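So the structure is just underneath, and the comments pick up after that.
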Amino acid sequence: EELHKEAENIFRIQGLIQQAQNCKDYLARLSHFQSYDRKECNAVIVSYQRCPEEFWDWIIDLTQLNMKPIYQKAWGWNEQAKQQELLEDGARYLIAISGDRPIGFVHFRFEQQDGDFVLYIFDIQIEESYQRKGLGRYMIDALWFVGLEKKVSCLMTLVFKNNDAGLKFFKS
């Protein structure tokens, strides 16, 4: 019976993941989070099921610029593996666009972790000139509401011990 309950839970979570992944616009019912205008930062926040091709190079370049030194200290930078992770079918995005150019993104996925349905934050990257203006926190707040709407158990992320800015950001 215990095995049956565990299998039932796995199937339930897989159904929730499938439903969440099929969502066309994660912010459709969260209009409050579709724009940001604070601290000299004005942006539209757009949700994507997959990274649009026109943003591929920017997302890869920004991630490399912000994260390569941190990865190198932790376990090494593998550009090809990171590109594959960023562009996989399961990758979902919130992208902040100011004027006609992207300025920040959150890469997230819906996953099963230790028997729970979670929204996992893989990356949050903001252009340096837009950092510390509240945009990153705003997009994470949007994901909290997406998670509530999709009925996830929790939001999760991984922050390297040597990523002082990341640790400070998530602790705040």
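Only the coordinates and a few stated rules stand behind these numbers; no lab work does. Just so we're clear, the structure is a prediction, and the values are computed from it rather than from any experiment. Cβ: placed from backbone, ideal geometry, glycine included. Neighbour counts: every protein chain shown.
Full extension of the chain between Glu40 and Gln84 gives 12.5 nm of extra length, using 0.36 nm per residue less the Cα-Cα distance.
Applying both filters, DSSP loop and at most 11 other Cβ atoms within 10 Å, to the chymotrypsin sites (Phe, Trp or Tyr not before Pro) of the range 1-84 gives Trp75. Report summary: the helix-based calculation at 222 nm, which adds -39500 (n - 2.57) for every DSSP H run with n ≥ 4 and divides by the residues of the chain, gives -13500 deg cm²/dmol.
Neighbours of Lys82, meaning other residues whose beta-carbon lies under 12 angstrom from its beta-carbon, give a summed charge of -4 when Lys and Arg score +1 and Asp and Glu score -1. Exposed loop sites, defined as trypsin sites (Lys or Arg not before Pro) outside DSSP H, G, I, E and B with at most 16 other Cβ atoms within 10 Å, are absent from the longest region of the chain, namely 51-131. Labels on offer are (1) 130; (2) 100; (3) 157, and the one holding volume of the Cα convex hull per residue in Å³ computed from this structure is (1). Of the two radii for the range 1-100, the radius of gyration is 1.09 times the Kirkwood radius, both from the alpha carbons; that is the Rg over Rh value. Counting lysine pairs in the chain that sit 8 or more residues apart in sequence, or on different chains, and whose Cα atoms lie under 20 Å apart gives 15.
Residues with beta-carbon under 14 Å from that of Ile10, excluding Ile10: net charge, scoring Lys, Arg +1 and Asp, Glu -1? Residues close to Ile10 contribute a combined charge of -4. About its Cα centre, the range 1-83 has a charge dipole of approximately 220 debye under the convention of +1 per Lys or Arg Cβ and -1 per Asp or Glu Cβ, with nothing else charged. With K and R counted +1 and D and E -1, the other residues having a Cβ less than 14 Å from that of Gly99 yield a net charge of -3.
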